[in-house]
Each structure stands twice: as structure tokens, then as C-alpha cells.
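The values are calculated or read from the model by the stated rules, or taken from the named source; none is laboratory data. Only a predicted model underlies this, so the values are computations on that prediction, with no experimental measurement involved. Here Cβ is always computed from backbone atoms with ideal geometry, including for glycine, and neighbour counts include all displayed protein chains.
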Amino acid sequence: MLQLPDQVEIIEVGPRDGLQNEKSFVPTEIKKEFIYALKKAGLKEMELTSFVSPKWVPQMSDASDIVSDCLDSITRNIVLAPNKKGIERVYTTDCKAVAVFVGVSDTFNQKNINKSTSESLSEILPLIAELKVKDYFVRACISTAFYCPYEGKVDEEAVLALCGKFAQAGVDELSVADTIGMAAPHESHSLFSNLKTAFPDVLLTAHFHDTRKLALANIFAALQAGITRFDTSAGGLGGCPFAPGAAGNAATEDVVYMLHRMGIDTGVDLDKLLQAIEVIRPNISRPIESTYFRMNSVSI
């Protein structure tokens, strides 16, 4: 018999992870309208933007403006701040939720931020301690938890060990990612079952990319492992510049539709979610390819 939860929390990553690699700058006011529309659709946790170098990620150069206008008391509004400089910028805002990240794979980490995994940890763990003293919600994003585009399959024990470092540091959440979309459902079930056992007091979130059209299958497998939190991106937006061939994130609308068909509540209004996608659609470089959008959008 299937073991299914009554409710699942969707963490919308479209405004940050979904847009960060768009080559053409999305106007700030459009980003804000997109965020407002996603909140109207019922999404209660969201990655708004990144405090990163505008030189390296021009799309996020308006981060301060986004944060100043898009915070609210209902949504957990998360800002990615990967280093000390980014976290110092967070301290100048009213945002109280921060995401940090590190890759399990050394090579991926080097390609991404020019540091090894251990070097990244040495920098970020003291910052996490500081954030927790200041009563921030801290989300640790674990990249290449299944496969690395440079090193191949990643050892599950290495993922558990890295997550253990963050759990010991006091993070509130571990978002564990199939960065290049190579995981299979049995691997998803195995890793998340072991994470649930190892870290019962930490929020565990699964983050799947749909490169090989296995995101929904992997989410279903993670559900069976007891995971009730999933990162998704409206319209399936996203990708990773340091992961060749990586497609977008699991589409929020496809995931929500699947969960609703199984009788699992998400609190998300699919009609309003489609309206949010229509806000951003004219401003992105590739078509919206999610199944639910293609079958239900009035603009097609």
C-alpha cells in the first residue's frame, strides 16, 4: 500500500534559480510582478533572489530592490547568499531567511565558485553560526547529491557526511539536489530514506531537475521515503551554467497537479499559478514546456 502524506510543502525557486541564468535581463518590475503572482497562487515559501556579484550573475543585480519590495509576513522569503559579502548584504535588509550552497563534488565546486568542497565549508560554517545567533532561518543547498557532470556518480556516504556537517552547524533545512537530472527513482528513495533516518530534526527538501524527464518519478520515490518538501520552479524555469546539459527544475505546475491527483494538499491554486507563468513567459528565452502549462494555458 502506498504511503502518502496528506500535505506537501512546495518551495518555489523560479524567481531565483529559474531566472538567474537568463541571458537577457528580465526587468525588475516584471520579476516583482512574477513574485506577487506566485504568492497569490498560494506559494508560502520562495527563493526571491541572490546576493551575488552582479559581474558574475547580472540577472541578480537588482536583488536589493527585489527584497525591499517583495517581503511579507506570510511567506518564508529566502535569499541566496553564498559568501560573507552576500550575507553582509542580507544584514542590511529585513529578510530573515538565507540560503547557502555547496557541491558534494570537488570538481563541480571548483568550476562553480573556484573552491573545493572543504574550502567552501571552512568559509560558510562560521557564517551559519553567526546567522543562527542572529535568529535567521538557514537553508543549506547541497548540489550534485547524485551525479556530477565531471566526476560521475556521487557516493551516497559523501552526501550524508556533508549534510551532517551542516546539520551539526545548526541549519534549519537541507535542500538536496539532483543538479544534472541523472538520478533514478531507486536512488532518490535510497538517499532520502537515509537522510530521514540520519537527520530527523532537520527539514529535508528534495530538488530535482528534469533533464531526463525523471523529476516526477524521483519526487514520487522521495514521497515514499517520507519527504514532504520539494523545490520546484514555475514553468520549469532554470538550469545550471556549471552543469552541461542540465535542464530546468521540476515544473511547479506539473508537480502540484500530480500531488493533487493523489489527494495531497499543497495549498497552491493551479489557475493562479498559470497566470503567474504568463507574467514571466514573454520575458524568458525559451518556451514553457511543462505538460500542465501546455495543456491548460489559454495563450497556446
**Item:** Tabulated pairs, the range 32-46, first over 17 Å from GLY236 (Cα atoms), second among the β-branched types (Val, Ile, Thr) and assigned to a helix (DSSP H, G or I), C-beta under 7 angstrom, 6+ apart or interchain
**Value:** LYS32/ILE66; GLU33/VAL279
**Asked** Out of GLY263, GLY226, which single residue is over 28 Å from LYS132 (Cβ atoms), part of a loop (DSSP other than H, G, I, E, B) and touching a residue at least 12 places away in the same chain (Cβ under 8 Å)?
**Response** GLY263
**Fill in**
Every listed condition ((1) outside any helix (DSSP H, G or I); (2) at negative phi; (3) surrounded by fewer than 19 Cβ atoms within 10 Å (Cβ to Cβ)) holds for ASP135 save (2)
**Request:** Report the residue count in the range 49-70 for those that are outside any helix (DSSP H, G or I) and either in contact with a Lys or Arg (Cβ under 6 Å, 6 or more places away or on another chain) or among the hydroxyl-bearing types (Ser, Thr, Tyr) (or both).
**Result:** 5
**Item:** Answer from LYS115, LYS165 - the residue that is part of a helix (DSSP H, G or I) and among the basic types (Lys, Arg)
**Value:** LYS165
**Request:** Go through PHE51, PHE34 for me and flag whichever is surrounded by 18 or more Cβ atoms within 10 Å (Cβ to Cβ), of a type in the set (Phe, Trp, Tyr), out of contact with any Asp or Glu (no Cβ under 9 Å at 6 or more places or on another chain) and modelled with pLDDT of 95 or more.
**Result:** PHE34
**Item:** Qualifying position, being under 14 Å from PRO82 (Cα atoms), buried (at least 24 other Cβ atoms within 10 Å of the Cβ) and not polar (S, T, N, Q), among VAL176, VAL102
**Value:** VAL102
**Selection from the range 153-174 of residues that are of a type outside the set (A, V, I, L, M, F, W, C) and over 19 Å from HIS189 (Cα atoms)** = LYS165, GLN168, GLY170, ASP172
**Prompt:** Quick one: which of ASN114, ASN77, ASN109 is free of Cβ contacts under 8 Å to residues at least 40 places away in the same chain and in contact with a Leu (Cβ under 8 Å, 6 or more places away or on another chain)?
**Reply:** ASN77
**Request:** Please state which one of MET258, MET182 is of a type outside the set (Val, Ile, Thr), under 17 Å from the mean Cα position of the chain (by Cα) and not in a strand (DSSP E or B).
**Result:** MET182
**Asked** Restricting to the range 2-31, what's the tally of residues that are in contact with a Pro (Cβ under 9 Å, 6 or more places away or on another chain) and either part of a helix (DSSP H, G or I) or modelled with pLDDT of 95 or more (or both)?
**Response** 3
**Prompt:** Checking LEU204 against (1) out of contact with any His (no Cβ under 9 Å at 6 or more places or on another chain); (2) in a loop (DSSP other than H, G, I, E, B), which single condition isn't satisfied?
**Reply:** (2)
**Prompt:** Does ALA169 fit the bill of being over 27 Å from LEU4 (Cβ atoms), out of contact with any Gly (no Cβ under 9 Å at 6 or more places or on another chain), buried (at least 16 other Cβ atoms within 10 Å of the Cβ) and touching a residue at least 24 places away in the same chain (Cβ under 8 Å)?
**Reply:** yes
**Asked** Pick from ASP178, ASP135: which is closer than 22 Å to ASP17 by Cβ, modelled with pLDDT of 95 or more and charged (D, E, K, R)?
**Response** ASP178
